[in-house]
Amino acid sequence: MLKKLLVLLSLTIFVSGCVHIPESLRVEDNVALTSFTDVRDNNSAHLGNDARWGGVIAKIENNAENTMLEVVHFQLSSSTRPLQKDQTQGRFKVYYQGFLDPIIYKEGRSITAIGKVAKTEAGKIGEHEYDYPVLKASKIHLWKEIKKIDVKITHQPMWYTPSLWYNPRPRHYSPIFYPVNKNVKKASSTKKSN
């Protein structure tokens, strides 16, 4: 009994340790990452700190020197994938040195970015004034879209009735059992008048 318990415990520890973080988003153990809420509440205290934030793309702009992504922030899972919920903690801007194709990095796609915290930018969401925390990203990971498929199976309720197990179904009269002579011509209903 004790042996089975130890095997089960070691298997549980092994499986829980297999969280897969993409290579591009991994950091050294001694690197302290700054949270989004800390930067949102007090930006000046965290300028230049390392951060790893994620969320859903709300807007993309390609500039001459870089690409700007406006991202709706969501909390990250243990694999650093954004967990989309009905509530958000705010928005932030990501600046990436290089070109990101707007067809690939389109609105609604999930990303996680890693980089340095920069100075907050004033902007608007519609008519609402908003101060965006800014991340100068060194790497951006675009997550694959998860498509949910409905796999409900419906059964005919009569399939499970015991009466069909014992009583045969009504006979099916097929041409295989009752051959039909196709050479017989049908009598004409119209008579020729002389």
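The values are calculated or read from the model by the stated rules, or taken from the named source; none is laboratory data. Keep in mind that what you see is a predicted model, and the values were worked out from it rather than measured. Because the Cβ atoms are built from the backbone with ideal geometry, glycine has one as well, and the counts that use them run over all protein chains shown. In case anyone asks, the SASA skips ligands and DNA or RNA and just uses the protein heavy atoms, side chains included. Shrake-Rupley method; radii C 1.70, N 1.55, O 1.52, S 1.80 Å.
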If we scan the range 96-105, do we find a residue that is over 19 Å from the mean Cα position of the chain (by Cα), charged (D, E, K, R) and closer than 15 Å to PRO133 by Cβ?
no
Somewhere in the range 125-139, is a residue farther than 22 Å from ASN49 by Cα and of a type in the set (S, T, N, Q)?
no
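Condition test on THR88, is it out of contact with any Asp or Glu (no Cβ under 7 Å at 6 or more places or on another chain), polar (S, T, N, Q) and either closer than 25 Å to ALA122 by Cβ or modelled with pLDDT of 90 or more (or both)? Reasoning before the result, please.
Values: out of contact with any Asp or Glu (no Cβ under 7 Å at 6 or more places or on another chain): yes; polar (S, T, N, Q): yes; either closer than 25 Å to ALA122 by Cβ or modelled with pLDDT of 90 or more (or both): yes.
The answer is yes for THR88.
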When GLU61 is evaluated against the numbered criteria (1) more than 21 Å from GLU28 (Cα to Cα); (2) surrounded by fewer than 18 Cβ atoms within 10 Å (Cβ to Cβ); (3) touching a strand residue (DSSP E or B) at 6+ places or on another chain (Cβ under 7 Å); (4) touching a residue at least 24 places away in the same chain (Cβ under 8 Å), which criterion, by number, is the only one it fails?
(4)
Checked the range 99-147 for anything in contact with a helix residue (DSSP H, G or I) (Cβ under 7 Å, 6 or more places away or on another chain) and either open to solvent by 20 Å² or more (accessible area, probe 1.4 Å) or among the hydrophobic types (A, V, I, L, M, F, W, C) (or both); matches are ILE114, VAL117, LYS139, HIS141
All positions within the range 59-79 that are over 14 Å from LEU142 (Cα atoms) and small (Gly, Ala, Ser)
ALA64, SER77, SER78
Evaluate the range 45-54: report whether one residue or more is polar (S, T, N, Q), surrounded by 13 or more Cβ atoms within 10 Å (Cβ to Cβ) and within 12 Å of ILE111 (Cβ to Cβ).
no
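Which one of LYS139, LYS147, LYS124, LYS116 is outside any strand (DSSP E or B) and either of a type outside the set (Phe, Trp, Tyr) or at positive phi (or both)?
Values: LYS139 fails: outside any strand (DSSP E or B); LYS124 fails: outside any strand (DSSP E or B); LYS116 fails: outside any strand (DSSP E or B).
When all the criteria are applied, what remains is LYS147.
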Among the residues that make up the range 88-98, is at least one of them open to solvent by 60 Å² or more (accessible area, probe 1.4 Å), in contact with a Lys or Arg (Cβ under 9 Å, 6 or more places away or on another chain), within 15 Å of PHE36 (Cα to Cα) and assigned to a loop (DSSP other than H, G, I, E, B)?
yes
